[in-house]
1. Residue check, Leu252 against (1) under 23 Å from Phe194 (Cα atoms); (2) touching a strand residue (DSSP E or B) at 6+ places or on another chain (Cβ under 7 Å); (3) hydrophobic (A, V, I, L, M, F, W, C), all met but one. Which one?
2. If I ask for residues that are under 22 Å from Gly50 (Cα atoms) and without any contact (Cβ under 8 Å) to a residue 12 or more places away in the chain, which ones from region 173-228 would you list?
3. Looking at region 263-277, I want the residues that are in the same structural domain as Gln237 (by TED's automatic domain parsing) and under 18 Å from Lys233 (Cβ atoms) and have a partner that is of a type in the set (Asp, Glu) and surrounded by fewer than 24 Cβ atoms within 10 Å (Cβ to Cβ) with Cβ atoms under 6 Å, at least 6 apart or on another chain. Which pairs are those?
4. Of all residues in region 205-251, count the ones that are over 19 Å from the mean Cα position of the chain (by Cα) and not in a helix (DSSP H, G or I).
5. Checking His82 against (1) at positive phi; (2) surrounded by 22 or more Cβ atoms within 10 Å (Cβ to Cβ), which single condition isn't satisfied?
6. Can you give me the number of residues within region 252-268 that are among the charged types (D, E, K, R), farther than 19 Å from Gly295 by Cα and either modelled with pLDDT of 95 or more or in a helix (DSSP H, G or I) (or both)?
7. Given the residues Pro49, Pro65, Pro24, Pro7, which is the only one that is in contact with a helix residue (DSSP H, G or I) (Cβ under 9 Å, 6 or more places away or on another chain) and either of a type in the set (Val, Ile, Thr) or over 21 Å from Arg128 (Cα atoms) (or both)?
8. Kindly check whether there is at least one residue in region 178-195 that is assigned by TED's automatic domain parsing to the domain that holds Gly40, of a type in the set (Val, Ile, Thr) and buried (at least 21 other Cβ atoms within 10 Å of the Cβ).
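The values are calculated or read from the model by the stated rules, or taken from the named source; none is laboratory data. Predicted model only: the values in this text are computed from it and were never measured. Glycine also receives a Cβ, built like all others from the backbone with ideal geometry; neighbour counts cover every protein chain displayed.
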Amino acid sequence: MSSYPPPRGTFDQVTPSIRRIVAPNPSPMTYHGTNTYLLGEKQVAVIDPGPNDDAHLSAILAAVPEGGTITHIFVTHAHYDHSELAMHLSKTVGATIYAFGDHEAGKSALMKSLSEQGGLGGGEGIDRAFEPDHTLSHMQNVTCDEWCITAHHTPGHMANHMCFQVGKILFTADHVMDWATSMVSPPDGDVGDFMRSCEHLLDFDWDLFLPGHGDSVRAPKERLHWLLSHRRKREVQILTQLQAGPATPHELTKAIYTEIDAKLIPVAARNVFAHLLELHNKGLISAEKPIAFDGIFSPLS
């Protein structure tokens with residue numbers, strides 16, 4: 001866990017051109033709260049406005065440098081704690097909203113096919129009303145006189161998830177954090193996509209990751225390698241546990257996650273389910289049909 005002590009109702013200066021404000025929405029899933037970032041001095045970009053909270057809106061407006069104007073709003077993904085304030089902020093300051101797309105955009109073929117049959121659960125925290133003014137493609141640049149932002153499509157935590165690059169700094173939202181791993185909850189999330197997104201980011205030279213929750217990640221490549229290793233080890237744990245016999249995602253979660261608070265078992269079960277779907281897609285395990293969150297998964301004989 002990070003010891004990052006966030007200021008409340010004001011900003012902290014992360015770099016000479018980047019300010020961070022922590023939204024007042026702490027929880028087991030958001031840690032201290034959602035990090036909202038302001039980039040630039042005159043033409044200011046807001047990255048992840050956060051929840052629709054009047055106090056947070058006031059803190060964002062107060063953090064705009066003197067003589068500056070919010071001209072761009074970038075949203076990493078359509079979860080309430082990142083996107084909900086975007087429309088209100090846009091109407092208040094007249095800025096344009098940029099994102100990959102709505103909450104359905106970018107969904108993998110596997111998750112689309114499974115979604116159609118139902119029974120997967122999911123949908124936690126999704127902002128179904130979110131709609132950007134401009135959709136961004138993978139590796140597209142958005143520029144102004146002060147900065148250039150490159151959008152990286154990084155599905156995994158959510159299908160429409162993007163990270164935003166400024167030089168050798170990356171705003172990673174929920175894809176890479178220092179205090180926890182990302183929740184991947186099908187059909188909105190896809191663990192195979194998550195790992196491919198991590199591998200994509202390893203192709204670049206980074207100085208700093210600025211996540212959506214918690215403190216900055218100061219060793220980006222080490223964290224990416226750790227996340228990939230962690231997910232691969234989880235796959236091995238699930239395959240090993242299945243050798244004891246067929247099981248549901250919930251049963252596997254209780255057997256594997258023996259040291260976490262019981263209240264977090266349902267959340268962990270979503271991650272286990274994501275791994276099971278990926279293992280089944282790879283042909284490494286079998287599943288009763290139709291595949292469902294409460295269904296039984298079995299080792300291949």
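1. (2)
2. Those that are under 22 Å from Gly50 (Cα atoms) and without any contact (Cβ under 8 Å) to a residue 12 or more places away in the chain: none in region 173-228.
3. These pairs meet every condition: His275/Glu235.
4. Here the count works out to 8.
5. Only one criterion is unmet by His82, namely (1).
6. Qualifying residue count for the region: 1.
7. Unique residue meeting the criteria: Pro24.
8. Taking every residue of region 178-195 in turn, at least one turns out to be assigned by TED's automatic domain parsing to the domain that holds Gly40, of a type in the set (Val, Ile, Thr) and buried (at least 21 other Cβ atoms within 10 Å of the Cβ).
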